[in-house]
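The values are calculated or read from the model by the stated rules, or taken from the named source; none is laboratory data. The model shown is predicted, which means the values in this text are computed figures rather than measured ones. FYI the Cβ positions are ideal-geometry reconstructions off the backbone, even for glycines, and counts take in every protein chain you see.
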Amino acid sequence: MVTRVGILETHIDMATLSETKEIDAQPEIMSKVKPAPWHDEPLVLNKRSFHWVTEKICGIVEGKTPIWWWWCFIIALFVASFTGMGLLYLVSTGVGVWGNNNPVNWGWAIVNFVFWIGIGHAGTLISAVLCLLKQKWRTSINRASEAMTVFAVLCAGIFPLFHVGRVWYAWWLFPLPNANAIWPQFRSPLEWDVFAVSTYATVSILFWYMGMIPDLAVLRDRATQTWRKVVYGIFSMGWRNANNHWRNFEMAYLLLAGLSTPLVLSVHTIVSFDFAVANLPGWHTTIFPPYFVAGAIFSGFGMVLTLLLPLRAVFGLHDLITQNHINNMCKITLATGSMVGYAYSMEFFIAWYGANSYEGFAFVNRAFGNYWWAYWIMVSCNVICPQLFWFRAIRENIPLVWIISIFVNIGMWFERFVIANTTLSRDFLPSSWGYYSPTIVDIFTFTGTFGFFSVLFLLFLRFLPLMPMAEVKSVMPQADPHGGKVH
Amino acid sequence: MDIKYGLSATFNSAKDLYDAAGKIRSEGYTNWECYTPIPVHGLDAQMGVGRSKVPLFTLAGGITGFFTGMLIVWYMNSFDYPLIVGGKPYFSPIYPFPVFYELTILFAAFGTLFGMFFLNGLPRHNHPVFEHPNFGRTGDDRYLVVIEVEDPKFDDEETKSFLKELGGKSLTMIREPVMN
C-alpha cells in the first residue's frame, strides 16, 4: 500500500512541480518477479535531431521540383481528363451513356462512390481514432493519410452528383428553398447521405487544415521567395508557436479527434443505410453498418500502404516511416480484413439461419450466380490476401506488401460491385431480372478519378508538408521535458 | 523609432525550457510566453496557465448544430410543407437522427476550429515577436522565452541577469518598429 502511494506522489510531483524528487517508484514485487525488460521501438530511427526532421520535410516542399514529379503529374492529368471527358459526354448526351438501367439502376456510380468514400476512412482512423488511443506511431503517417481522405471524398462526390441525372439540379439535395416550394424528404437514407458525406468532407478538411497550421508557419518562416511568404503566411494565420497557442491547439486537436471518431463511424454506417434500409434480399441486413465500416477501414489502409510505400522510397523517409510503422499498418489491414471475412461468412450463415428463401437465394446467387467471378475476386483479394500479413517475412517484404495493398483495393471495389449488382440484377421476380455491364463511358469516368486523385495528391506533396513536423518531433526523445527520465 | 517589446532568451532543449519556466513563474513574472517547436508536455502547469477554453466553443457549436438539425427537419417536413410518408407522423425525433447527428458534429467542429482561432487571437500577421532575428528557429528546434517589458517585475538589468542565470542563451531585446 505504501509503495502505491509512493508511485502516485511521484506522478503528481513530476507533473506539477518544477523540482522533481527522487523517489524510488519501483514496487517491491518487481524485484522478486524480475519482469522482462520492455523494449520500445524508437519511432524515429537513427537518433535524428529536430533540425533533421524540419530539413527533411521542408526540403521536399522547398527543393527543386523533381523530374519524376512532372512525369507523374502529366500522366495523372491525362488520366484525370478521362473523367472530365466522360462527364462532359454524359451531360451533353444524356444519362443513357452509362450502363445502368432497369433493373440495375445503381451500377458503377454507386459502386465507385462507396469505394472512394471507404478509402477515405483510413485517414480519419489514423488521425482521429489512433490519436484518441494514443498510438504515437500515427504521427508520421497521419498528414498524408488525411490528404488521402480529403481527395478520396472529392472523388467520391463526383458520382452521386452526376448520378442524379440532371446535375444542374443537384443542389436540390440540400435543404435550400427552390421554385417548387418543396423540401428534401428527411426519411430517405439518400438524404442522410447528403448530410453525412458533406459533413465528412468539411470536417476532414478542417481537421487536416488545422493540423497543418504550425507546419505552414514553419514554411512561412523559412521561406525565401515572397510568394511563399505571402501564401504560407496567409494560411498559417500568423501562428507563432507560443505555448498559449499550443495549449488551445492541442485541446482543439483532441476535440476534433473526438468529433471525427463518431463521424467516421457514422459516415459508412449511413452509406450502408442506402442499402440496408431498402427491402431487397441481400441488402436488408443489420450487419451492414459494422461490416461497411470495417471494410472501409480495410480498404483505406490498403490505399495508405499503396501511397506511402512509394513515398517512403522516393523521398527517403525510412527513418520516419519505419518497418514498425509498416508492420502496424499491415496488422490493421489483417485485422479489418479478417472482420470483413467474418462478415461475409456471417451473412451466409444468417441467410441460411433466417430461412427466408429470397435471402437464401440472394446469397447463393452471389457466390454461384451471374456474377460469381466478381464474388470470387472479392473473396480472394479481401479474405485470403491479407491473411499473408500474419507472417513477419511478408510484412518485411516491402514490394510484396505493396502488391497485396493493391489487391486489397481491387477486392474492396469488387465487394461494392457484388453487393450492389448481384441483388439488383436478381430480385423477387424472374421476369424483371437483368444483367448489368458498364459502358466505355463508365470505365473512362471511373479510371479518370484515379488521375484526379493523383493530381491532387501530387500537388499536396509539392506544396504542403507531407508529415506533421511538430507531431513527429513530439514523439522523439528530445521532446521529453524531463530529459528522458521515466515519469 | 521603435519601442521595446520584451527580452528573449533561447534554450536548446525542452528540459532546459521546462525548468526555466518553473523558475520564471516562481520569480513572480506574469507577462511572459514560451515559444516552442512542439507542444511541451506539462509546460502549462509549469507556467501556471489553466485548461484551454476551446471545449466551451465546441459545446456551443454542438448544441447549435443539434437544434439546427431538429429545426430544419421539423420546419421542412412537418410545418412548411407537411409530407405524408407511409402514414407516419410528420415529425419525430427518431427518423432525422442522422441529420442532426451530422449537424451536431459539423457545427461542433466549426466551433472548435474558430474557438481555437478566437482564443489564440488569430489571424494576426503582425506580432512583435516576429521581429526576433531568429524567430524562425522556434518552429525548428529552439525554445524561446520572452519576458515582456509590460511585466510589472520587468527590469532591464535584473531580468537580463535572471535569464542568464537560468541558462538562457543569446539574450535579445525584441523591438517593435513603429511607423511615424
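Please count how many residues of segment B:151-168 are touching a Ser or Thr at 6+ places or on another chain (Cβ under 9 Å) and surrounded by 13 or more Cβ atoms within 10 Å (Cβ to Cβ).
Result for segment B:151-168: 4.
Which residues, counting only those in segment A:389-408, are crowded, with 18+ Cβ neighbours inside 10 Å and not aromatic (Phe, Trp, Tyr)?
A:ARG395, A:VAL401, A:ILE404, A:SER405, A:VAL408
Within segment A:188-198, does at least one residue satisfy the condition of being closer than 30 Å to B:PRO98 by Cβ, within 7 Å of chain B (Cβ to nearest Cβ), surrounded by fewer than 20 Cβ atoms within 10 Å (Cβ to Cβ) and within 29 Å of the chain's Cα centre (by Cα)? Quick ask: steps written out before the conclusion?
Keep residues of segment A:188-198 that are closer than 30 Å to B:PRO98 by Cβ, which gives A:188-198.
Imposing the further condition that a residue be within 7 Å of chain B (Cβ to nearest Cβ) reduces the set to A:192, A:195-196.
From what's left, surrounded by fewer than 20 Cβ atoms within 10 Å (Cβ to Cβ): none.
No, the conditions are met nowhere in segment A:188-198.
Can you name every residue in segment A:77-97 that is over 28 Å from the mean Cα position of the chain (by Cα), under 16 Å from A:PHE446 (Cβ atoms) and not β-branched (Val, Ile, Thr)?
The answer is A:LEU88, A:TYR89, A:LEU90.
Where residues in segment B:108-135 are more than 7 Å from chain A (Cβ to nearest Cβ) and of a type in the set (S, T, N, Q), which of them is nearest to A:VAL472 (Cα to Cα)?
Among those that are more than 7 Å from chain A (Cβ to nearest Cβ) and of a type in the set (S, T, N, Q), it is B:ASN134.
Would you call B:GLY167 at pLDDT below 85, part of a helix (DSSP H, G or I), under 29 Å from A:ARG222 (Cβ atoms) and assigned by TED's automatic domain parsing to the domain that holds B:LEU7?
no
Out of the residues in segment B:136-160 that are out of contact with any helix residue (DSSP H, G or I) (no Cβ under 6 Å at 6 or more places or on another chain), in a helix (DSSP H, G or I) and at the interface with chain A (Cβ under 10 Å from one of its Cβ atoms), which is nearest to B:MET70 (Cα to Cα)?
My answer is B:THR138.
With respect to A:THR149, is the statement that it is buried (at least 24 other Cβ atoms within 10 Å of the Cβ), facing another protein chain (nearest Cβ under 8 Å) and either β-branched (Val, Ile, Thr) or within 15 Å of the chain's Cα centre (by Cα) (or both) true?
When the stated conditions are applied, A:THR149 does not pass them.
Please give the helices (runs of 4 or more DSSP H) falling wholly within segment A:305-407 in which 3 or more residues are out of contact with any helix residue (DSSP H, G or I) (no Cβ under 6 Å at 6 or more places or on another chain).
Counting at least 3 such residues, we get A:323-353, A:357-368, A:372-379.
So for segment A:152-172 (the condition being over 20 Å from B:GLU102 (Cβ atoms), at pLDDT 90 or above, buried (at least 23 other Cβ atoms within 10 Å of the Cβ) and in the same structural domain as A:TYR200 (by TED's automatic domain parsing)), does at least one residue qualify?
Yes - at least one qualifying residue is present in segment A:152-172.
Given the residues A:GLY86, A:GLY96, A:GLY123, which is the only one that is touching a residue at least 60 places away in the same chain (Cβ under 8 Å), over 30 Å from A:SER266 (Cα atoms) and assigned to a helix (DSSP H, G or I)?
Details: A:GLY96 fails: touching a residue at least 60 places away in the same chain (Cβ under 8 Å); A:GLY123 fails: over 30 Å from A:SER266 (Cα atoms).
After applying the criteria, what remains is A:GLY86.
Quick one: which helices (runs of 4 or more DSSP H) lie wholly within segment B:1-99 and hold at least 2 residues that are touching a Phe, Trp or Tyr at 6+ places or on another chain (Cβ under 7 Å) and more than 8 Å from chain A (Cβ to nearest Cβ)?
Answer list for segment B:1-99: B:14-27, B:54-74.
Is it true that A:ILE440 is under 30 Å from A:TRP68 (Cβ atoms), in the same structural domain as A:LEU280 (by TED's automatic domain parsing) and not small (Gly, Ala, Ser)?
no
Which residues, taken from segment A:22-74, are farther than 23 Å from A:VAL475 by Cα, part of a loop (DSSP other than H, G, I, E, B) and of a type outside the set (Ser, Thr, Tyr)?
Selection gives A:GLU22, A:ILE23, A:ASP24, A:ALA25, A:GLN26, A:PRO27, A:LYS34, A:PRO35, A:ALA36, A:GLY63, A:LYS64, A:PRO66.
Restricting segment B:1-21 to residues that are farther than 17 Å from B:GLU148 by Cβ and of a type outside the set (A, V, I, L, M), which is surrounded by the fewest Cβ atoms within 10 Å (Cβ to Cβ)?
The qualifying residue surrounded by the fewest Cβ atoms within 10 Å (Cβ to Cβ) is B:ASN12.
Only one of these conditions is not met by A:ARG462: (1) within 29 Å of A:ILE74 (Cα to Cα); (2) more than 21 Å from the chain's Cα centre (by Cα). Which number is it?
Result: A:ARG462 passes all but (2).
Return yes or no: is A:ILE205 touching a helix residue (DSSP H, G or I) at 6+ places or on another chain (Cβ under 6 Å), at the interface with another protein chain (Cβ under 7 Å from one of its Cβ atoms) and either crowded, with 24+ Cβ neighbours inside 10 Å or farther than 22 Å from B:LEU144 by Cα (or both)?
Working: touching a helix residue (DSSP H, G or I) at 6+ places or on another chain (Cβ under 6 Å): yes; at the interface with another protein chain (Cβ under 7 Å from one of its Cβ atoms): no; either crowded, with 24+ Cβ neighbours inside 10 Å or farther than 22 Å from B:LEU144 by Cα (or both): yes.
It is false that A:ILE205 is touching a helix residue (DSSP H, G or I) at 6+ places or on another chain (Cβ under 6 Å), at the interface with another protein chain (Cβ under 7 Å from one of its Cβ atoms) and either crowded, with 24+ Cβ neighbours inside 10 Å or farther than 22 Å from B:LEU144 by Cα (or both).
Here are B:GLY111, B:GLY139, B:GLY115: which of them is under 17 Å from the mean Cα position of the chain (by Cα) and at pLDDT below 90?
Checking each option against the conditions leaves just B:GLY139.
Small (Gly, Ala, Ser) and closer than 30 Å to A:GLN135 by Cα: which single residue out of A:GLY59, A:GLY99 fits that description?
A:GLY59
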